[in-house]
1. Looking at (1) at pLDDT 90 or above; (2) small (Gly, Ala, Ser); (3) under 17 Å from Thr62 (Cα atoms), find the lone condition where Gly227 falls short.
2. Quickly run through region 111-131 and pick out the residues that are crowded, with 20+ Cβ neighbours inside 10 Å and either of a type in the set (A, V, I, L, M, F, W, C) or not in a helix (DSSP H, G or I) (or both).
3. For region 179-192, does any single residue satisfy the condition of being among the hydroxyl-bearing types (Ser, Thr, Tyr) and farther than 27 Å from Ala280 by Cβ?
4. Only one of these conditions is not met by Leu104: (1) modelled with pLDDT of 90 or more; (2) of a type in the set (A, V, I, L, M); (3) crowded, with 21+ Cβ neighbours inside 10 Å. Which number is it?
5. Condition first: touching a residue at least 60 places away in the same chain (Cβ under 8 Å) and within 17 Å of Trp254 (Cα to Cα). Now tell me which residues in region 179-193 satisfy that.
6. Here are the criteria: (1) in a helix (DSSP H, G or I); (2) surrounded by 18 or more Cβ atoms within 10 Å (Cβ to Cβ); (3) touching a residue at least 60 places away in the same chain (Cβ under 8 Å). Tell me which single one Leu261 does not satisfy.
7. Among the residues that make up region 286-293, is at least one of them surrounded by fewer than 21 Cβ atoms within 10 Å (Cβ to Cβ), in contact (Cβ under 8 Å) with a residue 12 or more places away in the chain and not in a helix (DSSP H, G or I)?
8. Restrict the check to region 295-315 and report whether at least one residue is closer than 27 Å to Leu45 by Cβ, in contact with a Pro (Cβ under 7 Å, 6 or more places away or on another chain) and not β-branched (Val, Ile, Thr).
Amino acid sequence: MQALTAMPQVSVSAWRASPVLVRWLISARASVLVMTFTAAALGGLLTITTPGWSLSAWIICTVGLILAHATNNQLNDLTDSLRGIDEGNYFRLRYGAHVLEDGLLTRRGLLLYMSITGALAAMCGIWLVVTVAGSLLIPFLLGSLLLLFYTWPLKQWGLGELAVLLVWGPLMVAGAGHAATGSWDWQVAAIGFSFALGPTTVIFGKHIDKLSFDREKGMRTLPVRLGDRRARHWVQGMLLAQYLTTALLVAAGWLPWPVLLVLLALPRFLRCWQAFSAPAPDAPPESFPASAWPLWFSAYAFDHTRWFGILFLAGYCLALLID
């Protein structure tokens, strides 16, 4: 299903002919939800040998996190449309369907989608707080606040990228482990912080891709504040840091050695590094997927992050099998 693997352009007629589930997937930008599943899966794996580990609690937490991410994507489109950020020939309209600006949903319709999605996510969180551990209330509330205020004002203040690092790291990874075991583990949080550098490169890359558009619209993301060159160097630093911190965690005994399977992602790392070494081209090279354009930096960052995450999880699963 294309809505699960990409952010397709959708005509009004195709939208009307699509089932409700497909419409929801498009409105939620479902193709990027894999990063959330990976983070939740890591949190579950890191704590799976803990006595009392609960599969049902982990599943409910994972579903809740995915629904929360979907809610944030829907809220992002609603907020930016209301503020006029996505109006007209804006970057956002060029790389995938925008259910409001493309006339697929009314604001009331998107608000309904978002309210139902957000309510289901909240129900998962409340159930975990009530039935698993009251201490889950802190990450639940903090995650909810970051979800609600990411689009505005955090992104406007240049803090959106930091919010992504916090959410995909300690909150998602350690939060999923907390939900499965009933207790917070700072070691899992540290591993999650290292892991979250990947999703942070993706959002950083996306904001570099649309830097000129954001500047024109008055959106002061961190790449807008840093400028193109420095922002690209920041991403390269995070790419290096992800491998270095993983190696240090293995050396410290916090991660098993099979996690070094992530080194198989080095060819994609090198392609990503090369892409961030120069400004984006004016037109996509022949070898570049036309469907991804005008995304450039975020496309390379997402490709690397996806494979790094898969190999990280595979390495940890291998360690569990041979232990």
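1. Gly227 satisfies all of (1) at pLDDT 90 or above; (2) small (Gly, Ala, Ser); (3) under 17 Å from Thr62 (Cα atoms) except (3).
2. Met114, Ala121, Cys124, Leu128 - these are the residues of region 111-131 that are crowded, with 20+ Cβ neighbours inside 10 Å and either of a type in the set (A, V, I, L, M, F, W, C) or not in a helix (DSSP H, G or I) (or both).
3. Looking only at region 179-192, we keep the residues that are among the hydroxyl-bearing types (Ser, Thr, Tyr), and these are 181, 183.
Subsequent filtering for residues that are farther than 27 Å from Ala280 by Cβ retains 181, 183.
Checked against the condition, which is being among the hydroxyl-bearing types (Ser, Thr, Tyr) and farther than 27 Å from Ala280 by Cβ, region 179-192 yields at least one hit.
4. Only one criterion in (1) modelled with pLDDT of 90 or more; (2) of a type in the set (A, V, I, L, M); (3) crowded, with 21+ Cβ neighbours inside 10 Å is unmet by Leu104, namely (1).
5. Asp185, Gln187, Val188, Ala190, Ile191, Gly192
6. Condition not satisfied by Leu261: (3).
7. Within region 286-293, one or more residues are surrounded by fewer than 21 Cβ atoms within 10 Å (Cβ to Cβ), in contact (Cβ under 8 Å) with a residue 12 or more places away in the chain and not in a helix (DSSP H, G or I).
8. Looking through region 295-315, at least one residue is closer than 27 Å to Leu45 by Cβ, in contact with a Pro (Cβ under 7 Å, 6 or more places away or on another chain) and not β-branched (Val, Ile, Thr).
The values are calculated or read from the model by the stated rules, or taken from the named source; none is laboratory data. Not measured: the values here are computed from a predicted model. Backbone-built Cβ (ideal geometry, glycine too); neighbour counts: all protein chains shown.
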